[in-house]
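Read-outs throughout are calculated quantities, based only on the coordinates presented, and are distinct from any laboratory measurement. Here the structure is a predicted model, which means the values were calculated and not measured. Cβ coordinates were reconstructed from backbone atoms using ideal geometry, including for glycine residues, and neighbour counts include every protein chain displayed.
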Amino acid sequence: MKEITNGVYNEGREIFTVNSAPGTKVYGEQVIKKDREYRHWDPTRSKLAAAILNGLKTEINKGSKILYLGASTGTTPSHLSDIIGTNGIIYSVEFAERVFRSLLELSEKRQNIAPIMADARKPETYGWIESVDIVYVDLSQPEETEIAIRNANMFLKKGGLLLIAIKSQSIDVTKKPADVYKTESEKLKSAGFSILQLIDLEPYEEKHGFIAASL
Ligand SMILES: C[S@@+](CC[C@H](N)C(=O)[O-])C[C@H]1O[C@@H](n2cnc3c(N)ncnc32)[C@H](O)[C@@H]1O
């Protein structure tokens, strides 16, 4: 295994993180035992893995503090949890009760996942959280970018990173995906963000893009 960016390892075209809860799996992923336990990071299940395989350059550091909007059952948060280690934290916002239960169970095994049952459209309801290094957004919602901007303005540190997974069909089914990504990038620029990268997630995720921006 070779470390390709902070805490992310590869073997051929497959990527892995080191399991910080050894002996447990999160979504049925393959686990390889070597010097440590490595969890396969499936790019068809996690848009962040797809973005990394398609050339995302920004690194996520040990000790990073992350606000994660749309945590669902915790597939991607679990890999972030491996990367940031025990000094980092992922404030994980999710509003659907059924998936939130699985997220709660996951947080019992991983102390750096802080589950918050809330609506990301109302960031003031979790206004008590600290400032973060990264805001990660995966909501599959028409107003996703607006929600991302509102949350970043409240919680992202100056110079911090905003990562948004965009499902083009949730935003506008009539437009070409590339045009949707461009429109969403323009919204971010108008709100004062610099676009660092815009990545197409094909072939792992059809009609999905990924934007990395900084404040
Ligand atoms: C595509 S899934 C996220 C998958 C997850 N990010 C992963 O990679 O493991 C989108 C999630 O966002 C949640 N969601 C959508 N709108 C939301 C909102 N306004 N507030 C909180 N959660 C929301 C949905 O319930 C769903 O679980």
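Starting with the fewest neighbours, write out L103, L80 ranked by other beta-carbon atoms found within 10 Å of each beta-carbon. Intermediate values should be presented prior to the final figure.
Values: L103 22, L80 26.
So the ranking, lowest neighbour count to highest, is L103, L80.
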Run the numbers for R36 and T183: contour at 0.36 nm per residue of separation, minus the present Cα-Cα distance, in nm. 48.6 nm
To the nearest 20 debye, what charge dipole does the chain have about its Cα centre, counting +1 at the Cβ of each Lys and Arg and -1 at the Cβ of each Asp and Glu? 260 debye
Hey, what's the Cα Rg ratio for the stretch 42-214 versus the globular rule of thumb, 2.2 N^0.38 Å? 0.95
FRET efficiency (K122, V173; Cβ distance; R0 22 Å; to 0.05) is 0.25
In sequence order, what are the phi-derived ³J(HN,Hα) couplings for the stretch 45-56 according to the Karplus relation 6.51 cos²θ - 1.76 cosθ + 1.60 with θ = phi - 60°, rounded to whole Hz, with x for glycine and proline? 10, 9, 5, 5, 4, 4, 5, 5, 5, 8, x, 4
Among the listed pairs K34/K207; K47/K187; K2/K25; K2/K47; K25/K167; K33/K62, give every one whose C-alpha distance is greater than 29 Å. K34/K207
Using only the Cα atoms of the stretch 9-109, build the gyration tensor, take square roots of its eigenvalues as a ≥ b ≥ c, and label the shape rounded, prolate or oblate: rounded if a/c is under 1.5, else prolate if a/b is larger than b/c, else oblate. rounded
If amide H atoms are modeled at 1.01 Å from N in the peptide plane, then the residues at a separation of 5 or more from Q197, or on another chain, having amide H under 5 Å from its own are A212
Could you go through the stretch 153-166 in sequence order and give the Karplus-derived ³J(HN,Hα) for each residue, using 6.51 cos²θ - 1.76 cosθ + 1.60 with θ = phi - 60°, rounded to whole Hz, and x for Gly and Pro? 4, 7, 10, 7, 5, 4, x, x, 10, 10, 10, 10, 8, 10
